[in-house]
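So the structure is just underneath, and the comments pick up after that.
The values are calculated or read from the model by the stated rules, or taken from the named source; none is laboratory data. What you see is a predicted model; the values in this text were computed from it and never measured. As a convention, Cβ positions derive from the backbone with ideal geometry for all residues, glycine included, and neighbour counts pool all protein chains shown.
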Amino acid sequence: MALLYEKRDRIAYFTINRPEAYNAMDPETLQELSQALIDFRDDDGVWVGIITGAGDKAFCAGADIKTMLPYMREVVKGETWREPPTPMRGLELWKPMIAAVNGVALGGGTEIALACDIRIAAENARFGQPEVKLGIIPGWGGTQRLPRHIPYAIAAQMILTGEPISAQDAYRVGLVNEVVPLPQLMATAEKWANKILEVGPLAARAGKEAMLMGTSMTLEEGLRYELMLFDNCISHTEDAQEGINAFIEKRKPQWRAK
Ligand code: CAA
């Protein structure tokens, strides 16, 4: 399998498994990733996702230049509905996603990480958008998400020169939440996942949806969107009642994602 997909203790694990090609995404891997992400979205038993790459060199070297780029040129041809939906483009996934970046994240690799909410980098990680070196531009959201996540000058540096930045520089500019030695990467990602599992799962999803939808709204529209989600949480979820009761009764809440 080019994509390993496992579920344990409310966490879904996605491992891009093409280490011989630096975990570059060919059309089959993208299809498998899309199906796994849809399963994760729809499975009430899993609340947080962690995505990583197989091996100790690469998170993902982007679209497979030998197979994916020809597929995009000859099959997709700009008709994006032909491409399986992913959070990079088209799949609305409000469950929190963590990228455990275990090596190079180039092109689509950086874009997969950008489509996650929390990014943990191993010390050997590198982030880059080298597409311009191939005469193309990022196609899974890099031009849109990178300048929304980090200062424009650094995004422009990466997208216009194609040169990668180190894990430490990614931390410095706020692209990643934490940098750790490679052997501690998954444990650190799980620490973040477990932290998120302590909060109301529907609230975490609503918070993510409000942030992401709000980025392309005016402040007034965003505030209205937030109010709609706030009202839905407080008026229509059992979890909100449970969270408030648990605080008053000085106990841990028992979340049910209901
Ligand atoms: N596609 C296909 N194969 C890739 C690949 C990719 N993106 N990245 C690495 N590989 C393959 C190489 O072809 C090579 O295979 P062979 O052994 O069969 O020749 C193998 O992985 C090892 O690669 P290198 O010999 O180049 O190893 P290296 O250590 O010298 O360099 C690397 C590693 C820095 C990742 C380098 O391979 C590289 O720069 N890869 C290309 C990265 C890139 O340009 N990504 C953007 C793709 S376009 C895109 O992603 C568009 C989009 O937005 C969706």
Check: For Gly53, are the conditions met, namely being modelled with pLDDT under 95 and assigned by TED's automatic domain parsing to the domain that holds Thr110?
Finding: no
Next item on the list: Among what's in segment 78-108 and is β-branched (Val, Ile, Thr) and closer than 20 Å to Ile11 by Cα, pick the residue that is farthest from the ligand (Cβ to nearest atom).
Entry: Ile98
Note to self: I want to confirm something. Restricting to segment 157-190 and keeping residues that are among the β-branched types (Val, Ile, Thr) and assigned to a helix (DSSP H, G or I), which single residue is nearest to the ligand (Cβ to nearest atom)?
What the structure shows: Ile159
Check: Do we have any residue at all in segment 70-91 that's within 28 Å of Tyr171 (Cα to Cα) and without any contact (Cβ under 8 Å) to a residue 12 or more places away in the chain?
Finding: yes
Note to self: Anything in segment 207-230 that is in contact (Cβ under 8 Å) with a residue 40 or more places away in the chain and not in a helix (DSSP H, G or I)? List them, or say none.
What the structure shows: Thr215
Next item on the list: Please state which one of Cys116, Cys60 is within 13 Å of the ligand (Cβ to nearest atom) and either within 19 Å of Tyr13 (Cα to Cα) or modelled with pLDDT of 95 or more (or both).
Entry: Cys60
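Residue-wise test of (1) assigned to a loop (DSSP other than H, G, I, E, B); (2) more than 15 Å from Asp169 (Cα to Cα).
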site: Ala105; (1), (2): no, no
site: Gly109; (1), (2): no, yes
site: Arg119; (1), (2): no, no
site: Lys133; (1), (2): no, yes
site: Ile137; (1), (2): yes, yes
site: Arg145; (1), (2): no, yes
Checklist line | Subset tally (residues that are charged (D, E, K, R) and within 20 Å of the chain's Cα centre (by Cα)) for segment 55-83 | finding: 4
Checklist line | Residues within segment 136-156 that are more than 16 Å from the ligand (Cβ to nearest atom), crowded, with 16+ Cβ neighbours inside 10 Å and over 12 Å from Thr110 (Cβ atoms), tallied | finding: 1
Notebook entry, point to check: What are the pairs, 6+ residues apart or on separate chains, where a residue within segment 124-141 that is assigned by TED's automatic domain parsing to the domain that holds Pro181 and at pLDDT 95 or above has its Cβ under 7 Å from a residue that is crowded, with 20+ Cβ neighbours inside 10 Å and among the hydroxyl-bearing types (Ser, Thr, Tyr)?
Noted result: Phe127/Thr110; Gly128/Thr110; Gln129/Thr110
Notebook entry, point to check: Just checking, which of Asp64, Asp42 is assigned by TED's automatic domain parsing to the domain that holds Ala122, of a type outside the set (Phe, Trp, Tyr) and in contact (Cβ under 8 Å) with a residue 24 or more places away in the chain?
Noted result: Asp64
Checklist line | Top-ranked residue in segment 1-29 [being within 26 Å of Leu69 (Cα to Cα) and within 14 Å of the chain's Cα centre (by Cα); ranked as surrounded by the most Cβ atoms within 10 Å (Cβ to Cβ)] | finding: Ile16
Check: Hey, any hits in segment 18-30 for a residue that's under 25 Å from Asn194 (Cβ atoms) and part of a helix (DSSP H, G or I)?
Finding: no
Item checked: Glu131 being of a type in the set (Asp, Glu), over 14 Å from the mean Cα position of the chain (by Cα) and more than 8 Å from the ligand (Cβ to nearest atom) -> no
